[in-house]
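Notes to accompany the following structure.
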Amino acid sequence: MTKKNSRSWMIIASALFIILIMAWAFWPRPLIVDIGEVKRQSMIVTINEEGKTRVRDAYVVSTPVAGRLLRIEVESGDQVIKGESVIARMLPSNPSALDIRTREQARASVTSAQAAVRVARADLNKAMADKDYYDQAINRKRKLRNKGAVSLAIFEQAQRDWRAANASLDQAKAAISMRQADLANARARLISFEASPSQPSTVGKLKDDAIPLRAPISGRILRVLEESEKTLPVGKPILEIGDISNDLEIVAELLSTDAVQVSAGNRVIIKNWGREHLLQGAVVRVDPWGFTKFSALGVEEQRVKVLIKFTDPPEERKSLGHGFRVETQVVIWENKNALTVPSSALFRQEGEWVVFVIEGGRAVPKPLKIGRNNGIQAEILNGLEEGKRVILFPGPGLSQGTKVAKREVK
């Protein structure tokens with residue numbers, strides 16, 4: 001009898017233990033959630049876009065004349081001083097080679113110019129002879145006039161002839177100079193690569209005879225466009241100079257829908273430029289025209305260029321150069337004491353923004369009205385008070401009255 005009682009109690013105890021285990025296993029447990037808090041803090045709304053640095057007034061040095069550029073000795077990054085540093089040297093271009101037809105035409109021009117010089121010299125001899133004649137004539141007329149043997153009209157006519165003879169002599173001398181200049185011009189057309197010893201070509205000129213090109217501004221060499229020695233036409237760019245320290249700015253291309261929210265003077269936060277600390281800037285200008293650009297996915301977009309200046313001292317960004325990539329955040333709204341809720345706590349329900357508030361360890365949905373939202377924080381206009389705890393990333397299994405517990409971070 002005792003054995004039977006003992007066995008019965010063991011069966012009952014086992015059954016109770018199993019029931020307790022099952023009850024513990026299937027007993028509703030709190031839902032583990034991430035919890036945030038409603039609090040007052042500084043909040044900003046920004047437009048984020050990549051940008052590129054550039055020197056605002058970069059000087060492109062070009063060839064002043066057509067000629068042979070000697071090898072550039074300066075390199076990118078070299079410091080130059082305005083009006084002192086020699087950045088390049090040039091030799092005047094060699095005269096072009098003449099074909100047979102052009103050479104014969106030039107020779108004919110020389111022959112014609114030589115004949116014109118001979119004619120001018122003959123005219124000069126005639127003018128000199130006329131002057132000698134009228135010099136003697138005026139002297140005779142003056143003596144006769146003093147004696148009263150010649151009338152005043154005859155003496156004045158002699159004076160006029162004498163002045164005309166002097167003018168003809170001056171004209172003949174000027175004609176000689178003009179014809180000699182025409183002859184020199186005609187001979188110059190015959191100059192080619194095979195110059196005579198009296199007219200040496202520029203091929204053998206030394207480097208010291210070259211024309212020095214000096215830096216137009218003080219700064220650094222940004223790019224050397226022509227390194228090797230070569231013959232270039234006039235106006236050909238050879239290098240670029242800029243002042244990286246004081247003349248550096250950022251160009252960001254914003255979507256046109258974002259650019260309309262930006263105006264000159266907006267604060268800009270510059271990050272991911274290569275160092276850990278942030279840089280500060282300000283919007284200088286928003287271009288009044290947009291342009292079409294295709295994104296990496298092939299989507300057609302309307303972009304607008306925004307110019308940004310640095311407001312930090314140059315020492316804070318001394319490693320930045322021309323054409324460097326940066327990330328910009330243009331601040332379009334800012335509140336130092338905004339009542340905020342994490343954006344991850346918000347969800348839409350029947351056209352309203354709602355959050356789950358924790359009250360008594362259970363989730364309670366609360367509708368609210370929000371203002372600005374930057375994707376991390378949302379401004380609360382009404383519906384919640386400071387200090388309330390809200391559930392982040394509410395899942396579909398969460399409903400009113402659900403018991404919740406905070407997820408422990410390990």
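Here, each number is a calculation from the coordinates, and none is a lab measurement. No experiment lies behind these values; they were computed from the predicted model shown. Virtual Cβ from ideal backbone geometry, glycine too; neighbours counted across all protein chains shown.
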(message) What is the angle, in °, between the Cα long axis of helix 2-26 and the longest principal axis of the Cα atoms in the chain? Nearest 10 is fine, range 0 to 90.
(response) 30 degrees
(message) For region 100-188, what does the relative contact order come out to in percent, with C-alpha contacts under 8 Å and a separation of six or more?
(response) 52 percent
(request) Write down, largest first, the equivalent ellipsoid semi-axes of region 219-346 in whole Å, where each equals the square root of 5 times an eigenvalue of the alpha-carbon gyration tensor. (result) 35, 21, 14
(request) With 5 Å bins from zero, work out the P(r) of region 100-188 over every alpha carbon pair and list the percent per bin. (result) 3, 15, 16, 13, 12, 9, 9, 7, 6, 5, 3, 2, 1, 1, 0
(message) Out of all DSSP beta bridges in the chain, what portion is antiparallel? Express it as a percent rounded to 5.
(response) 95 percent
(request) Based on the mean of other Cβ atoms within 10 Å per residue, sort peptides 305-314, 77-86 so the most packed one is first. (result) 305-314, 77-86
(request) Report the relative contact order of the chain, percent, no decimals, based on alpha-carbon pairs under 8 angstrom and at least 6 residues apart. (result) 28 percent
(request) Read through the labelled values [x] 190, 53, 39; [y] 60, 49, 45; [z] 206, 51, 39 and report the label of the one computed as Cα extents along the principal axes in Å from the structure. (result) [x]
(request) Pick out, in residue order, every one of the GluC sites (Glu not before Pro) in region 218-248 that is DSSP loop and has at most 15 other C-beta atoms within 10 Å; say none if there are none. (result) 227, 229
(request) Quick one: check the C-alpha center-to-center distance for region 323-398 versus region 59-81, whole angstrom. (result) 58 Å
(request) Measure nothing fancy, just the Cα-based angle from helix 152-188's long axis to the longest principal axis of the chain, in degrees from 0 to 90, nearest 10. (result) 50 degrees
(request) Name the long-range amide H neighbours of residue 211: under 5 Å, sequence gap of 5 or more, or other chain; modelled H, no Pro or chain starts. (result) 90, 91
(request) Give 82/309; 141/173; 230/293; 52/236; 336/366 a once-over and call out the pairs whose C-alpha atoms are over 31 Å from each other. (result) 230/293
(request) Using only Cα atoms, tell me the angle between helix 100-147 and the longest principal axis of the chain; keep it within 0 to 90° and round to the nearest 10. (result) 50 degrees
(message) Could you give each residue of region 344-355 its phi-based ³J(HN,Hα) in whole Hz, using Karplus coefficients 6.51, -1.76, 1.60 with θ = phi - 60°, and x for Gly or Pro?
(response) 5, 8, 7, 8, 9, 8, 6, x, 10, 7, 9, 10
(message) With +1 assigned to the C-beta of every Lys and Arg and -1 to the C-beta of every Asp and Glu, and no other charges, what is the dipole magnitude of region 100-188 about the Cα centre in debye, to the nearest 20?
(response) 160 debye
(request) Would you compute, from DSSP H runs of 4+ residues alone, the mean residue ellipticity of the chain at 222 nm, taking -39500 (n - 2.57) per run and dividing by the full residue count, rounded to the nearest 500? (result) -10000 deg cm²/dmol
